[in-house]
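Data first, discussion second: the structure below is written as structure tokens.
The values are calculated or read from the model by the stated rules, or taken from the named source; none is laboratory data. Keep in mind the model is a prediction, meaning the values are calculated, not measured. In this analysis, Cβ positions are derived from the backbone assuming ideal geometry, glycine residues included, and neighbour counts consider all displayed protein chains.
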Amino acid sequence: MSDTPLPPRLELSGICKSYPAVVANDHVSLTVAPGEIHAVLGENGAGKSTLMKIIFGAVKPDAGSVRWNGADVHIANPQDARKLGIAMVFQHFSLFDTLTVTENIALGLAADVNMAELAEQIRQTGKNYGLDLEPHRHVHTLSVGERQRVEIVRALLTRPQLLILDEPTSVLTPQAVQKLFVTLRQISAEGCSILYISHKLDEIRELCHSATVMRGGKVTGHCDPAQETAASLSRLMIGAEPEQEAAAKPHAPGELRLQIRQLRLPRAHAFATPLDGISLELFSGEIVGIAGVSGNGQQELLAALSGEDRRCKPGMITLKGKAVGHLGPNARRALGQSLVPEERLGRGAVPEMSLTDNMLLSHQRAPFVVNGMIQFKHAIQAASDIIGRFRVKASGPAALAKSLSGGNLQKFIVGREIVRNPDVFVVAQPTWGVDVGAAAQIHHEIRLLKEAGCAVLVISEELDELFDLCDRLHVIAKGHLSPSISSRDATREQIGLWMSGLWDKDGDQDAARGQANAAGELASA
Amino acid sequence: MAYFSPLLALALTLFFGALLFLALGKNPLTGLQVFLLEPVKSRAAISELLLKTTPLVLTALGLSVCYRANVWNIGAEGQLIAGGIAAGSTILMFDNGAHLLSGGMVLVLASLAGVVGGALWASITALLRDRFNANEILVSLMLTYIAQLLLMYMVNGPLKDPHGMNFPQSRVFSPEFLLPMLVPGSRLHVGFAVMLVATAVMTVFVYRSFAGYRLTVGGLAPLAARYAGFSSRRALWTSLLISGGFAGIAGAFEVSGPIGQVLPSISPGYGFAAIIVAFVGRLNPIGTIFGGLILSLFYLGGEMAQSRLGLPSAITGLFQGMLLFLLLACDTLINYRLRWVAQPQS
């Protein structure tokens, strides 16, 4: 691309940005040609987000220059960036919960926009790119995956010359990722450049024309990702190859720990997914995964499992032989269940409270609470232990939850739930938006739990993660749960198909029941 | 920074207060001197200051708990009046020359009756919110007016002094049924000591007890409270009952302390001023003592300004309002920056 006569679409040189405690960008240079799909690779904290915010005008660099189509520009704010033709899809969505999809998108546009036309445009753009959206729905009823679709469509509507995507595929099915890639290639062929931020090395190798790798605020290399291996990219990114986990040993099922029988829950609000006929068995010493595109009933299932939604009949959920469908979160904790929710800030942790205080959300008994009084000495010690053991980057147990990066807070919450030594461990999106190093560590800890005899249920939208971790897989689609399949026998194509709700409902369920019975007999033997 | 905001707001209130005196044709320095320094000039004056601080802090202690839990009880004034009615009725029941119980016992009973009365009044708000999802701001506020009317009924009916020349007020309590004084010769009664103890207890409750933690989590992050398994209904009831109880005992101390009988008006708006006290105190129990001292000073300063400068009594409310609005403005402007943007051309 370097021999093209056109000037580069975007040329950054010597960008520096320091914050009081950290140098986020240290003389970063980067060149993106017109129509090029350029990857920016790096772990959380490598300075990618700061760099993107500088390009988008949301952060002012301390030094360095930005050239746009060959001319020096000064991007003072996101409006300037949009005027130049830069659109960005943030990893953390900037949507108002109480507004509809159309209203959210209208916020970035002129005041006199025709809402009906805009809704139609949204529907059309979504359709063209396989990002189906209902324009009139309120954002608070959308799942994480659906919210991201809103952000992508919003960016595409501005017909940008440079599209910045921050971890865009983490919530899409493999088929949808391929579809998005087709879209992105189409956009790039039309001359729009794309900055693609990701840690998924395979995707980058498949999609991107060139890559800039960052580590600790500095550029550690430029390369053509197609010419690199995942291992060599990883070396550039984290300075070492990730530890390879030994292949999962085939497990001998232990005792039945968690059983869901014909769980049926009507929708709690207009846009919720009703659950119907969900059956699942979880044995000690195994990891079972639930795949599916977000918004297909994961949130509802999780609420029923955590005890936040107590509408189901007691016998629909049994925990270690006890009917718990009607019991609240604390009763289930007392029976040995730990649960990591999907949202870290606001549900898994109170943003304005310290890590010490956040310990008490799920540690509500002695020695943390004695005679109704909080034993802070113990809570501080426990929080420090988690920070140390799970390598959480935080200033200490007094750090506010909101001051941690997403990955570090996730490590803390996972750690908090693991140190309870659970018999049943339910975790949703364990590594969403978490960097490679932290993800590997979280996966490692989950495997250790399994080896210790814990029964683990992972609800995730990342197929790689599920195939990597799980012994058996289910798929949730439109509130129904597929039968389970051994992850060694399953193929990505089959799971992808199931994600659309296409599994052989009668035949497979019988087969699954047979398997489960056999497993049950093994356990009782 | 959060603790700096009330100081800044106080300084600004004094600045605008000086401008206000100037606009009213008074020397601003004399005005501020009368308003702020006269009330703390002598020991007697200081005991009056502490006397008025007592109901303000007691009520604000309960309100802080409510606001931490995101329960917006605006009706502490009504709960204070209900507590006053309950305590006054209790004392009048025993103050009949029969000497059924000692004065001390009756005062303890009356204080407890105040707690129960205030809590009962607050429980109406809790019930309506819990059962019908009624807005607690409106319900608790409107219940204040009902409490005032109830007080009018009581002093015109059941509690009216039969030998009172038809004045709407109760008998004056016998001296043995009045709260004992802390400082002889002043009006500062034991309620002040109770207030200090209550502050210490509430500090422990808010920052050390698990029950206080549950309320705070429910206020800061309702979803996290659900995840943890904390009941939002329990938080609603707990915080409103605590808050009503504190307002009630404040009312009881007014009736059995400085007032010494049941009158058609037993509070110059302490229940509303306590809202400001709670916020100036940053919803921190110890902070409410500082907030209480400031608001108490404003009450006394207002009286001084009336007698010395001939200003209307509304001056107290003006200073209270300025302090609250400037505090809210400081809180906002410390966290956010104002930006002037050009009007879009289209």
Quiz item: Only one of these conditions is not met by residue A:58: (1) buried (at least 24 other Cβ atoms within 10 Å of the Cβ); (2) modelled with pLDDT under 90; (3) not basic (Lys, Arg). Which number is it?
Solution: (1)
Self-check item: Test: residue B:306 is over 16 Å from the mean Cα position of the chain (by Cα) and farther than 25 Å from residue B:85 by Cα
Solution: yes
Self-check item: Exclusive hit being in the same structural domain as residue A:300 (by TED's automatic domain parsing) and within 21 Å of the chain's Cα centre (by Cα), set A:500, A:486
Solution: A:500
Quiz prompt | Criterion violated by residue B:202 - all others in (1) farther than 20 Å from residue B:281 by Cβ; (2) at pLDDT 95 or above satisfied | solution = (1)
Quiz item: Of all the helices (runs of 4 or more DSSP H) wholly in segment B:166-229, which have at least 2 residues that are over 14 Å from residue B:54 (Cα atoms) and touching a Phe, Trp or Tyr at 6+ places or on another chain (Cβ under 7 Å)?
Solution: B:210-220
Quiz item: Does segment B:79-90 include one or more residues that are at pLDDT below 95, part of a helix (DSSP H, G or I) and closer than 30 Å to residue B:161 by Cα?
Solution: no
Quiz item: Of the residues that make up segment B:100-108, is at least one in contact with a Lys or Arg (Cβ under 8 Å, 6 or more places away or on another chain), under 28 Å from residue B:172 (Cα atoms) and surrounded by fewer than 22 Cβ atoms within 10 Å (Cβ to Cβ)?
Solution: no
Quiz item: Pick from segment A:112-153 the residues that are in a loop (DSSP other than H, G, I, E, B) and among the charged types (D, E, K, R): which of them is nearest to residue A:303 (Cα to Cα)?
Solution: A:137
Quiz prompt | Residues satisfying the stated conditions in segment A:321-333, i.e. surrounded by fewer than 18 Cβ atoms within 10 Å (Cβ to Cβ), away from chain B (no Cβ under 14 Å) and assigned to a loop (DSSP other than H, G, I, E, B) | solution = A:321
Exercise. Working carefully through the options B:192, B:230, B:210, B:167, find the one that is on the phi < 0 side of the Ramachandran plot and within 24 Å of the chain's Cα centre (by Cα).
Key: B:192
Exercise. Starting from residues that are outside any loop (DSSP other than H, G, I, E, B) and in contact with a strand residue (DSSP E or B) (Cβ under 9 Å, 6 or more places away or on another chain), keep the ones in segment A:334-343 and report whichever is farthest from residue A:446 (Cα to Cα).
Key: A:337
Exercise. Go through the residues of segment A:302-311 one by one and say whether even a single one is within 14 Å of chain B (Cβ to nearest Cβ), under 19 Å from the mean Cα position of the chain (by Cα) and assigned to a loop (DSSP other than H, G, I, E, B).
Key: no
Quiz item: Filter segment A:107-141 for residues that are hydroxyl-bearing (Ser, Thr, Tyr) and free of Cβ contacts under 8 Å to residues at least 60 places away in the same chain; which is farthest from residue A:295 (Cα to Cα)?
Solution: A:125
Practice problem: Select from segment A:344-377 the residues that are in a helix (DSSP H, G or I) and within 17 Å of residue A:329 (Cα to Cα) and write down the one among them that is farthest from the other protein chains (Cβ to nearest Cβ). | Solution: A:359
Practice problem: Identify, from the list B:307, B:267, B:296, the residue that is among the small types (Gly, Ala, Ser) and outside any helix (DSSP H, G or I). | Solution: B:267
Quiz prompt | Members of segment B:244-265 found to be under 17 Å from residue B:48 (Cα atoms), surrounded by fewer than 24 Cβ atoms within 10 Å (Cβ to Cβ) and among the hydrophobic types (A, V, I, L, M, F, W, C), listed by number | solution = B:259
Quiz item: So, in segment A:269-293, of the ones that are within 23 Å of the chain's Cα centre (by Cα), among the small types (Gly, Ala, Ser) and modelled with pLDDT of 90 or more, which residue ends up nearest to residue A:457 (Cα to Cα)?
Solution: A:289
Quiz item: Taking residue A:402 and the conditions (1) part of a loop (DSSP other than H, G, I, E, B); (2) free of Cβ contacts under 8 Å to residues at least 60 places away in the same chain; (3) within 12 Å of chain B (Cβ to nearest Cβ), which numbered condition does it fall short on, given that it satisfies the others?
Solution: (1)
